[in-house]
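Student: Once you've had a glance at the structure underneath, I'll fire off some questions.
The values are calculated or read from the model by the stated rules, or taken from the named source; none is laboratory data. These figures come from a predicted structure and were not determined experimentally. Cβ atoms come from the backbone with ideal geometry, glycine included; neighbour counts cover every protein chain shown. For accessibility, only protein heavy atoms count, side chains too; no ligands or nucleic acids. Shrake-Rupley method; radii C 1.70, N 1.55, O 1.52, S 1.80 Å.
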Amino acid sequence: MSDQLAELEAAVLERAAKITTRADLEMLRTEVLGRKGGALSRAMSGLAKLPPAEKAEYGRRVNETKRAIEAALDAALARIEKTEIQGDLARTYDTTFPGNTPRSGGLHVLRQTLDDVVDFFRSRGFAVVLGPEVETEYYAFEAVNIPADHPARDNMDTFYLPNGSLLRPHTSSMQVRALKSNPPPIAILAPGRVYRRDALDASHSFMFHQIEGLHVDRGVNFGHLKGFAADLCRHLFGADRRTRFRPSYFQFTEPSAEVDVSCGVCAGRGCQTCKGTGWLEMGGSGMVHPNVLRASGYDPEGFSGWAFGLGTDRIAMLRHDIHDIRTFFENDPRFLEQFA
Amino acid sequence: MHVSISWLRDFVTTDAPPARIADVLTARGFTVDGIDEQPMPEHIVVGKILSLSRHPNADRLQVSEVDIGSEKLQIVTGATNFAVGDFVPIAKIGAVVFSREPSADGVRKTLAIGASTLRGVASNGMMCSASELALPGEYDDGIVILDSDAVVGSEFWKSVRFGDAVLDVDVPSNRPDCLSVIGLAREAAAGLGAPFAAPKLDAFEGSGDPGINVEIGDATICRRLEGQRFSGVGNGRTPFWMSLRLKASRVRSLGLLVDISNFVQLETGQPLHFYDASKIGGGRIVARGAKSGEIIVTLDGVERVLAAGTPVIADGDGPVGIAGIFGGQRAAVDESTTEVFLESPNFVGAPIRRAALALGLRTEGASRHEKNLPLELVDLGRRRAAQLLVAAGAKPSAVVSAGESAGPARSIKVRPERVNRLLGWSLLAKEMCDSIAPIGLSTEGSDPFVVSIPYWRTDLNEEVDIIEEVARSIGFDKIPEWRVAASPQSVNEGLFVQDSVLARSFAASGYAECVTIALGGSKMKSAWERSGLPFWAKLVEVVNPLSDDQRFLRPSLLPGLLTVATRAWERADGAVRLFEIGHVFRPLASSDEPKPGVSSGAFDENGVLEWPSLCGLAMYPPLSAEESLDRRLLEVKGDVVRAIETLTREPLATAPAPRFYFHPGAAADLIVGDHTVAKFGRVHPLLARAYDLPADTYAFMLYLENLPQRRPVRTFEPLPRFPGTTRDIAVVVAENVSAQDLTDACRANGGELCESVRAFDEYRGPQVEGGKKSIALKIALRRKDATITDADADAAMERILAGLRDRFAATLRT
Ligand SMILES: [Zn+2]
């Protein structure tokens, strides 16, 4: 009986050493170690016929054989795995095939531009507010110090609606809305669509986008506006860009200033992009006019503030070298994809 | 406004080059948009034609003898527009002038003048035309004829008082004083630190009665009128130097009288008007409102019926002009005029502006008068015109006037501390006062100091206006920059946050964001109506559109996005996905599509219902195998659900709901609680076809106002501690039973053990009986207190199936 066990062990060990696949190994394992009908369990079944004195010794021998076989099978498995990994490692792949991008979507470049502006304003403690595009004459004009019959209304040729309301010609209409509906201090930016009665061409659209920044508190001064605008221009266009404040006129600010950023194409020397001036117009700004503060119920002796109106489309055009404003609204898929 | 540097130099003493003057004006708020350099060829002098004779060998040439002071030159010329005794510009030998040939690539060719012989006759110089000297404006081809007081032999550019450059200055609308050469000169002088000399004019008043009186009929229209008659002057030749300056300012030269009124308006800012005195009836002109139905024929020959109250100047026979806006034909000056009557008026701005708008006559005069010019200009303008007329040989009458006289100078009190507080600066009161003195703002005292306002600065009304003058005068670039972060806000950013979150979700799902124009017209409407489906009936219409594309505000984002889709689909080689976020507009009480409750984000206080909307479109190439389950519809639904779940995890129900632009069998609402938060469906095939889109086109809209603006903070639910099990079943039900019906019933009957139910497939075909369908469900079961046993799970499945049997007569498909 013991000889049979020794023979089985020798035979199994010899076969295991030659096996090269997992399937053959599994087959051998079942054949030898299987619970039902395995060679070893058949050997165990002989145990019952043995005299009691030999039983213990035989049982020990069976277990020894089993351990030896198991060890041999495990070693064979380790050998097979090693070969497999070596084979795997020997493969080379062409990693230069294009990656599979399942779907390509993206945000419009105007939203990306706005997001960048919003990031900057928020980093300075400002919050975003949105408002209606259909506005009353009061918020669009009267509240921002442009009374009826004032020639300043001509500069913003406005669309009117049947009930006397209008399409806001500027986001400055949000100034008094924000001042009235929130307690001071106010630090907001109000982005949105605005409308002017213009024909559509490369540099004009009857719908475009503005961002109104407004900071009203005790002690806010023109120097704050200068610092803010200079930092914003650097944030949007690069650390090497300079800003210039040019006196200007807006009904709702006093003093008023146009903010220019140095031309990035010619570094301020003068080129076609900047029409030879070395400067690009960024937007209008100034200290909130006392009449606007009064219209909002603020005492101009106690409170002061600045307002800064930016063109989202213009910023995007300057940053991305887009020369035709219509490009934004045509939504050509090839355009959208470039900025996705 | 275009102004020549030489004209400015009549009032500023400076040698500064044009670029420097331009910089100074720009820094003071008068942005110079362009500098037209005036080339000034050398060796051009004033010559007098002494004699003219035929060229012996050429019919088309003349031989002239010209006196240029230092010598007499023989010059052969082909020009014929001059006579003996005329003064003309002569290019001497050595001069380089411009060729008459048209310029190639913008660079004009030049012509060097040398001694020559033309058909055997010596010619030692050239008579110049305007184009050879590159003078501004339009001229005919002839030789320039100079004024008869020109000095023979003098340098041409000095003689015509012109040169250097013409500046294109952008004057802000609150500074009518700088719509004048004098005003700009004052600002330039202040910026350059150069002396400024205001014009000192005599009264030029004769003693004779003009025979025409002036009257103010309506003081709400006209504040002051001055009038003066001039004899012995017609609408003759304008001095050459004056026509040069007018042309440099982009004003055409149209005869002496018209030119003088334009010249004085440009120089002083005061609009003037000349009448033929012989055509004024009744011996007076009066400024008044038109009577109802009064008629005037204006200078352009148009007969206009005036609305009652329109400001007019009338004589005894009716209106002779629309006040300050446009002259009338009846009393206009012409070639036969020898007696003129000058009107120098001051009108009230608002009525002039209203009338000009109503008549569609936005003339230069109207745009000046509507800014409420100072009374003091009336006499200044009259005196300057009189000076020029007298120089042209006219004899002035006495001056007649009516209306208000100028009052005393206004003054504004300024606190230096306030100046520094608003500007963030630390100037001394003296620095402030010194800075504004050069522009005529004299001050008294120091804290506060009192500024006396010169008459021309009608824009200065309160302390803050002087603060701007100080800032502007010292220079915005000198104000220090300060940095400060604003204190945290109580402002609600929700609407913007919602936009951003949703846009990012759809972008991540493969949708490209579009921005379309929110106004539409017949193009938008007819593109939609090609489908045979009705366009929205009630639209918010624009009262004053400029073009057909601006007729109404979009009632929905869908039409605009469909148009974008047409172009995108044309080039697509796979699925196309687009979305847009923007406001849509309906008239209040529009009923063709009832809107669920208006809450945050919607605006209706302006008589128009306006609310933010999100619309998406997805288009797919045709499928090869048709399947009963529209997996693309479900993909689009999944994109919408994913976006909604970025804002809320409340249970989302789907309810079929037809919309006129969707396929009637493939349209549904997504509902949270009581509110529809989105709708989605397959685009109506007729609509898809009208926009050249594939049948597999799907659309969705989100009701942003019914969605939370940001995701609420979630409470953590402990992870399951015991393993669960899942069972897949397929049940056969009637066609009208929906997946939602079955999953709801499973959940209800499965009780606590039922963790989730999901319908994942649908089958119709030979294996199920006709008129029925099979729906496959995946049911997850779990106990919270122990590992679920097979027996537990079997019992739960038994309950679930029994429920489906009772409710829907469902049978298990095997
Ligand atoms: Zn440049």
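Student: If a residue must be in contact with a Pro (Cβ under 7 Å, 6 or more places away or on another chain) and at positive phi, how many such residues does the stretch B:605-664 contain?
Tutor: 0
Student: Checking the structure you have, find out if any residue of the stretch B:722-736 is closer than 30 Å to B:Val576 by Cβ and in contact with a strand residue (DSSP E or B) (Cβ under 9 Å, 6 or more places away or on another chain).
Tutor: No, that holds for no residue.
Student: Among the listed residues B:Pro89, B:Pro41, which satisfies the condition of being part of a strand (DSSP E or B) and either of a type in the set (Asp, Glu) or open to solvent by less than 30 Å² (accessible area, probe 1.4 Å) (or both)?
Tutor: Within the list B:Pro89, B:Pro41, the selection yields B:Pro89.
Student: Among the residues of the stretch A:128-137, count how many are at the interface with another protein chain (Cβ under 7 Å from one of its Cβ atoms) and open to solvent by less than 10 Å² (accessible area, probe 1.4 Å).
Tutor: 5
Student: Still on this structure, I have one more. In the stretch B:455-483, how many are touching a Leu at 6+ places or on another chain (Cβ under 7 Å) and in a loop (DSSP other than H, G, I, E, B)?
Tutor: Of the residues in the stretch B:455-483, 1 are touching a Leu at 6+ places or on another chain (Cβ under 7 Å) and in a loop (DSSP other than H, G, I, E, B).
Student: I need the strands (runs of 3 or more DSSP E) fully contained in the stretch A:221-340, keeping only those with at least 3 residues that are farther than 20 Å from B:Asp170 by Cα and either within 11 Å of chain B (Cβ to nearest Cβ) or away from the ligand (no atom under 14 Å from the Cβ) (or both).
Tutor: By residue number, A:304-311.
Student: Looking at the stretch A:64-115, which of the residues that are open to solvent by less than 50 Å² (accessible area, probe 1.4 Å) and of a type in the set (Ser, Thr, Tyr) is farthest from the chain's Cα centre (by Cα)?
Tutor: Within the stretch A:64-115, the match that is farthest from the chain's Cα centre (by Cα) is A:Thr65.
Student: How about the stretch B:564-588: which of its residues are more than 9 Å from chain A (Cβ to nearest Cβ) and in contact with a Phe, Trp or Tyr (Cβ under 7 Å, 6 or more places away or on another chain)?
Tutor: B:Ala565, B:Thr566, B:Val584 - these are the residues of the stretch B:564-588 that are more than 9 Å from chain A (Cβ to nearest Cβ) and in contact with a Phe, Trp or Tyr (Cβ under 7 Å, 6 or more places away or on another chain).
Student: Give B:Gly211, B:Gly281 a once-over and let me know the one that is part of a loop (DSSP other than H, G, I, E, B), surrounded by fewer than 22 Cβ atoms within 10 Å (Cβ to Cβ) and touching a Ser or Thr at 6+ places or on another chain (Cβ under 9 Å).
Tutor: B:Gly211
Student: Still on this model: Going by what's in this entry, would A:Arg246 be described as of a type in the set (Lys, Arg) and open to solvent by less than 20 Å² (accessible area, probe 1.4 Å)?
Tutor: yes
Student: Look at the stretch B:48-69 and say how many of its residues are outside any strand (DSSP E or B) and more than 57 Å from the chain's Cα centre (by Cα).
Tutor: The total comes to 5.
Student: Check whether at least one residue in the stretch B:711-727 is aromatic (Phe, Trp, Tyr), open to solvent by 60 Å² or more (accessible area, probe 1.4 Å) and under 30 Å from B:Ser500 (Cα atoms), and report yes or no.
Tutor: Looking for residues that are aromatic (Phe, Trp, Tyr), open to solvent by 60 Å² or more (accessible area, probe 1.4 Å) and under 30 Å from B:Ser500 (Cα atoms), one finds at least one in the stretch B:711-727, hence yes.
Student: Just give me the residues in the stretch B:633-671 being over 25 Å from B:Pro685 (Cβ atoms) and open to solvent by less than 60 Å² (accessible area, probe 1.4 Å), in sequence order.
Tutor: B:Ala643, B:Ile644, B:Thr646, B:Leu647, B:Thr648, B:Leu652, B:Ala653, B:Ile671
Student: Please report, ordered by residue number, the strands (runs of 3 or more DSSP E) entirely within the stretch B:319-434 with at least 2 residues that are within 30 Å of B:Gly211 (Cβ to Cβ) and more than 34 Å from the chain's Cα centre (by Cα).
Tutor: B:339-347, B:395-403
Student: Considering every residue within the stretch B:219-229, establish whether at least one is over 15 Å from B:Glu364 (Cβ atoms), without any contact (Cβ under 8 Å) to a residue 24 or more places away in the chain and in a loop (DSSP other than H, G, I, E, B).
Tutor: no
Student: Let me ask you something else. So in the stretch B:455-478, with the set limited to residues that are surrounded by fewer than 19 Cβ atoms within 10 Å (Cβ to Cβ) and farther than 28 Å from A:Arg177 by Cα, which one is nearest to the other protein chains (Cβ to nearest Cβ)?
Tutor: Filtering the stretch B:455-478 for residues that are surrounded by fewer than 19 Cβ atoms within 10 Å (Cβ to Cβ) and farther than 28 Å from A:Arg177 by Cα, the one nearest to the other protein chains (Cβ to nearest Cβ) comes out as B:Asp477.
Student: Please find, among B:Glu481, B:Glu541, B:Glu493, B:Glu513, the residue that is within 7 Å of another protein chain (Cβ to nearest Cβ), crowded, with 23+ Cβ neighbours inside 10 Å and of a type in the set (Asp, Glu).
Tutor: B:Glu513
Student: Let me ask you something else. Among the residues of the stretch B:521-535, is any touching a residue at least 12 places away in the same chain (Cβ under 8 Å) and facing chain A (nearest Cβ under 10 Å)?
Tutor: No, there is no match, as no residue in the stretch B:521-535 is touching a residue at least 12 places away in the same chain (Cβ under 8 Å) and facing chain A (nearest Cβ under 10 Å).
Student: Checking the structure you have, find out if any residue of the stretch B:605-613 is among the acidic types (Asp, Glu), touching a residue at least 24 places away in the same chain (Cβ under 8 Å) and in a helix (DSSP H, G or I).
Tutor: Looking for residues that are among the acidic types (Asp, Glu), touching a residue at least 24 places away in the same chain (Cβ under 8 Å) and in a helix (DSSP H, G or I), one finds none in the stretch B:605-613, hence no.
Student: Residue by residue through the stretch B:148-173, note down the ones that are part of a helix (DSSP H, G or I) and either under 39 Å from the mean Cα position of the chain (by Cα) or buried (at least 20 other Cβ atoms within 10 Å of the Cβ) (or both).
Tutor: Within the stretch B:148-173, B:Phe156, B:Ser159 qualify.
Student: Given the options B:Pro448, B:Pro408, B:Pro438, name the one that is open to solvent by 50 Å² or more (accessible area, probe 1.4 Å) and out of contact with any helix residue (DSSP H, G or I) (no Cβ under 9 Å at 6 or more places or on another chain).
Tutor: That would be B:Pro408, the only listed residue that is open to solvent by 50 Å² or more (accessible area, probe 1.4 Å) and out of contact with any helix residue (DSSP H, G or I) (no Cβ under 9 Å at 6 or more places or on another chain).
Student: In the stretch A:148-194, what residues are more than 7 Å from every other protein chain (Cβ to nearest Cβ) and part of a strand (DSSP E or B)?
Tutor: Hits for the stretch A:148-194 are A:Leu166, A:Leu167, A:Ile186, A:Leu189, A:Ala190, A:Pro191, A:Gly192, A:Val194.
Student: Go through (1) free of Cβ contacts under 8 Å to residues at least 60 places away in the same chain; (2) surrounded by fewer than 17 Cβ atoms within 10 Å (Cβ to Cβ); (3) more than 7 Å from chain A (Cβ to nearest Cβ) for B:Leu427 and report which single condition fails.
Tutor: Failing condition for B:Leu427: (2).
Student: When the stretch B:549-570 is examined, which residues are found to be part of a helix (DSSP H, G or I) and touching a Lys or Arg at 6+ places or on another chain (Cβ under 7 Å)?
Tutor: Those that are part of a helix (DSSP H, G or I) and touching a Lys or Arg at 6+ places or on another chain (Cβ under 7 Å): B:Asp549, B:Gly560.
Student: Do we have any residue at all in the stretch A:147-164 that's assigned by TED's automatic domain parsing to the domain that holds A:Val288, surrounded by fewer than 20 Cβ atoms within 10 Å (Cβ to Cβ), touching a Lys or Arg at 6+ places or on another chain (Cβ under 9 Å) and over 30 Å from A:His215 (Cβ atoms)?
Tutor: Scanning the stretch A:147-164 turns up at least one residue that is assigned by TED's automatic domain parsing to the domain that holds A:Val288, surrounded by fewer than 20 Cβ atoms within 10 Å (Cβ to Cβ), touching a Lys or Arg at 6+ places or on another chain (Cβ under 9 Å) and over 30 Å from A:His215 (Cβ atoms).
Student: Another one. Of A:Phe141, A:Phe126, which residue is within 30 Å of B:Tyr511 (Cβ to Cβ) and aromatic (Phe, Trp, Tyr)?
Tutor: A:Phe126
Okay, residues lined up against (1) out of contact with any helix residue (DSSP H, G or I) (no Cβ under 9 Å at 6 or more places or on another chain); (2) among the β-branched types (Val, Ile, Thr); (3) crowded, with 19+ Cβ neighbours inside 10 Å:
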{"position": "B:Gly324", "(1), (2), (3)": "no, no, yes"}
{"position": "B:Phe341", "(1), (2), (3)": "no, no, yes"}
{"position": "B:Ile352", "(1), (2), (3)": "no, yes, yes"}
{"position": "B:Gly365", "(1), (2), (3)": "no, no, yes"}
{"position": "B:Lys371", "(1), (2), (3)": "no, no, yes"}
{"position": "B:Glu376", "(1), (2), (3)": "yes, no, no"}
